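The values are calculated or read from the model by the stated rules, or taken from the named source; none is laboratory data. These numbers were taken from a predicted model, which means no experiment stands behind them. Neighbour counts run over all protein chains shown; Cβ positions are idealised from the backbone, glycine included. With ligands, DNA and RNA removed, areas are computed over all heavy atoms of the protein, side chains included. Shrake-Rupley method; radii C 1.70, N 1.55, O 1.52, S 1.80 Å.
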Amino acid sequence: MVAAAILPELATQLVVPVAAAVGIAFAVLQWVLVSKVKVAPEPRAEGGSASAVGAKDGATEYLIEEEEGLNDHNVVLKCAEIQTAISEGQTSFLFTEYKYAGGFMTIFAVLIFVFLGSIEGFSTKSQPCHYSVGKTCKPALANAAFSTIAFVLGAVTSLVSGFLGMKIATYANARTTLEARKGVGKAFITAFRSGAVMGFLLAASGLFVLYVAINLFGLYYGDDWEGLFEAITGYGLGGSSMALFGRVGGGIYTKAADVGADLVGKVERNIPEDDPRNPAVIADNVGDNVGDIAGMGSDLFGSYAESSCAALVVASISSFGINHEFTPMMYPLLISSVGIIACLITTLFATDFFEVKEVDQIEPALKRQLIISTAVMTIGIALVSWLGLPYTFTIFNFGAQKTVHSWQLFLCVAVGLWAGLVIGFITEYYTSNAYSPVQDVADSCRTGAATNVIFGLALGYKSVIIPIFAIAFSIFLSFSLAAMYGVAVAALGMLSTIATGLAIDAYGPISDNAGGIAEMAGMSHRIRERTDALDAAGNTTAAIGKGFAIGSAALVSLALFGAFVSRAGITTVDVLTPNVFIGLLVGAMLPYWFSAMTMKSVGSAALKMVEEVRRQFNTIPGLMEGTAKPDYATCVKISTDASIKEMIPPGALVMLTPLIVGTLFGVETLSGVLAGALVSGVQIAISASNTGGAWDNAKKYIEAGASEHAKSLGPKGSDCHKAAVIGDTIGDPLKDTSGPSLNILIKLMAVESLVFAPFFATYGGILFKIL
């Protein structure tokens, strides 16, 4: 008799929802602290501004200007006005996007029900279990219904997460600007706390909804865990399908506005970034939140949901599921629960234990978050593995059961966690202007835009090498120790610190918006310097976040691929057979096709934006002199219309490919397509994201002029700077649209194939059957 886990079932039933509740409560607490900063002029205390200075954290301080003596309360009103304009722009976009996403969700939910229900002719009779020979499982119609419900749950959770993240970001941007008047430390804490609200809210709500779904579905399924966790995979599909629209739609929106604002404003008109005279400036600031907050939030939620689902599916047909051991079965959820607590402790280091006082302390403070969360989480994983797993158990491994020890599973999760950190820091090395790769790209601008583009592309290709080795090592070790379940929990390990990762990632757009508001409100140069410093650190951490997202996507996709192959009844995927090889070729081509669509979409939208911005500069008298106001609303509308229209073809490509290939060519060809897309997509995603990030920071390196080398390349408006702006503009769709969207492509195709695997295994390969 195999020893049971130390942690009893009742304790597990309590730990997961309590951890989720703690995460939500902590998010609310951070929101309350941020809300103490008022975006309205406060009555002056008698005796002047000095008497208004209060508590250490700045919560009770009045919004006074610092020693520069700028006491104009109109600044505060202006900030509030700009904040409202940004908020209205993004709410309008989101509601339009969600209408289309809702329509898609309804159609796809019907497809899931019809395809899966038709396997047994919509019969309500119990069916023989796929894995547990001799046992009967719930009818296919029930699996179809519950998969559909899980899909809708995942989709709604993803949409709500993105919406709340956006609301929090716009709530915090002007507050960060106003706090910058008191010092860089106050502004940093406001921006970081706001990011933490989103991070903890998303991590906790994702965990809680999944936990509730498992328990509610369990009331019907009873002992049929095979059917229960097969149905739960719909949750991952729902999360990722909405993330696709968020990433692609948001990415097209933000880059159309950014490219239009930069090309006409900076290059042609020689005005600063975020200058209020630029008609595209509000659309640009809306775009930062749409792409980097809603898009990234939905993306990482999708990864989390899929890695949990992949692990649960494999566990349900391993000894955990066969013997109905609840605590080991919930091991993926226990990892996420401990992750929330680990991230909570980590956050306190940035907001309470160590105070940021100088500009050069910002980036180290953010990097410390990654290191501390990884170290604390390693201890947490060890604890969960000891308490939540029996010492010896078996894991399903393509038809056989592999004997595994609890310490081996600990190593699988830990290798994923630390590989994420390695990928993060390698990404930082290639995209931060503190290191030689970006400085070399900046230096290449001396001879014009062409050499800048050549150096940037080379940097992107080179930056793929170490992350791929890190992913390959993680896969080899985790698969060797615990088969596909090991790969799934390695992906979960990489995502276990999702709350901290999202907090750092959301911090970037909030700081970027804060800088834009400072510029538009006409605040002093010193305040803009502080917001620029916050933004520069945010740019680097955003690149680290994208590295995490891509790395975890590779592991998640492989785990889902393994679950799909098992469920479809494929014993080996032989690349020498023509069915598989043609799939490999087509799959490897798909990321290029998808990238071409998204890049062209940004180009088309940017073309309209450039024409509109030029038209306004040429036809509105007094615009350049600052005596007339630009028409911001038209630019916001151009970005919204373009992104909604252009996100449909790439979305259709990703969602229809598995359905068409699986139905017409069968599961073997589909397995080739998934493998090809995974191998090709990861490389392009890393290279595109890092190339764009390097060009962006090379431009910022020249603009900041912080070193003698940087000063020799500047100042703003020089030929060297213009070459850097062109590189940055080319890189915008690479790093914020095509690159980040590719990790959703590889995950989404894999999870969709897993959900529809029973249908493909029964009816797939129509063309080959005819021939």
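So the values come out like this:
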{"item": "Over the chain: helical MRE at 222 nm, DSSP H runs n ≥ 4 each giving -39500 (n - 2.57), nearest 500", "result": "-26000 deg cm²/dmol"}
{"item": "Peptide ranges 755-762, 132-139, 337-344 listed from the most packed, as the mean C-beta count within 10 angstrom indicates", "result": "337-344, 755-762, 132-139"}
{"item": "Protein accessible area in the chain, 1.4 Å probe - carbon and sulfur %", "result": "67"}
{"item": "Under Karplus coefficients 6.51, -1.76 and 1.60, residue-wise ³J(HN,Hα) of segment 267-280 in Hz, glycine/proline x", "result": "7, 7, 9, 6, 9, x, 5, 6, 5, x, 6, 7, x, 8"}
{"item": "Listed residues 585, 90, 761: farthest to the positive end of the dipole of the chain (Cβ charges)", "result": "761"}
{"item": "Cross-link reach list, aspartates and glutamates versus residue 769, counting only Cα pairs under 14 Å and skipping chain neighbours closer than eight places", "result": "668"}
{"item": "Viscosity 1.306 mPa s, temperature 10 °C, Stokes-Einstein D of segment 428-524 from Kirkwood C-alpha radius, µm²/s", "result": "93"}
{"item": "Between segment 584-650 and segment 187-237, the alpha-carbon center distance in angstrom", "result": "35"}
{"item": "Net charge of Cβ neighbours under 13 Å - reference residue 97; Lys, Arg +1; Asp, Glu -1", "result": "+1"}
{"item": "Semi-axis lengths (Å, descending) of the ellipsoid that matches the C-alpha gyration tensor of segment 251-325", "result": "48, 9, 7"}
{"item": "Under 5 Å, built H, 5+ apart or other chain: amide partners of residue 396", "result": "318, 319, 402"}
{"item": "Computed magnitude of the charge dipole of the chain (debye, nearest 20; Cβ of K, R +1, Cβ of D, E -1)", "result": "1020"}
{"item": "Part-to-part distance (alpha-carbon centres) for segment 251-318 and segment 530-548, which is given in Å", "result": "13"}
{"item": "All aspartates and glutamates inside 14 Å of residue 167 as judged from Cα atoms, apart from same-chain residues fewer than 8 positions distant", "result": "88, 288, 292"}
{"item": "Sequence ranges 73-85, 567-579, ranked by mean other-Cβ count within 10 angstrom, highest first", "result": "73-85, 567-579"}
{"item": "For segment 161-305, alpha-carbon Rg relative to the globular expectation (2.2 N^0.38 Å, N residues)", "result": "1.37"}
{"item": "Out-of-range pairs (alpha-carbon distance over 32 Å; input 186/645; 367/402; 402/462; 255/716; 36/722)", "result": "186/645; 367/402; 402/462; 36/722"}
{"item": "Amide proton proximity set for residue 137, modelled H, under 5 Å, gap of 5+", "result": "127, 129"}
{"item": "Dipole magnitude of segment 268-378, debye to nearest 20 (Cβ charges: Lys/Arg +1, Asp/Glu -1, about Cα centre)", "result": "460"}
{"item": "For the chain: accessible area per residue (Å², 1.4 Å)", "result": "34"}
{"item": "Restricting segment 602-653 to GluC sites (Glu not before Pro) in coil, as DSSP defines it, with at most 10 other Cβ within 10 Å", "result": "625"}
{"item": "Where the Cα pairs of segment 515-671 fall when distances are cut into 5 Å bins, in %", "result": "1, 7, 9, 11, 12, 13, 11, 9, 7, 6, 5, 4, 3, 1, 0"}
{"item": "Burial order of peptide ranges 680-688, 367-375, 535-543 (average beta-carbon count within 10 Å, highest first)", "result": "535-543, 680-688, 367-375"}
{"item": "Hydrodynamic radius (Kirkwood) for segment 167-225, which is based on Cα pairs only, to one decimal in Å", "result": "13.9"}
{"item": "Test item: Cα-centred dipole of segment 622-711, Lys/Arg +1 and Asp/Glu -1 on Cβ, debye", "result": "60"}
{"item": "Hz values of 3J(HN,Hα) by residue in segment 707-718 - Karplus curve (6.51, -1.76, 1.60), Gly and Pro given as x", "result": "10, 4, 4, 5, 4, 5, 9, x, x, 4, x, 6"}
{"item": "Entry for Kirkwood radius over Cα pairs in Å (calculated from the structure that is shown) out of [x] 27.8; [y] 26.2; [z] 33.3", "result": "[y]"}
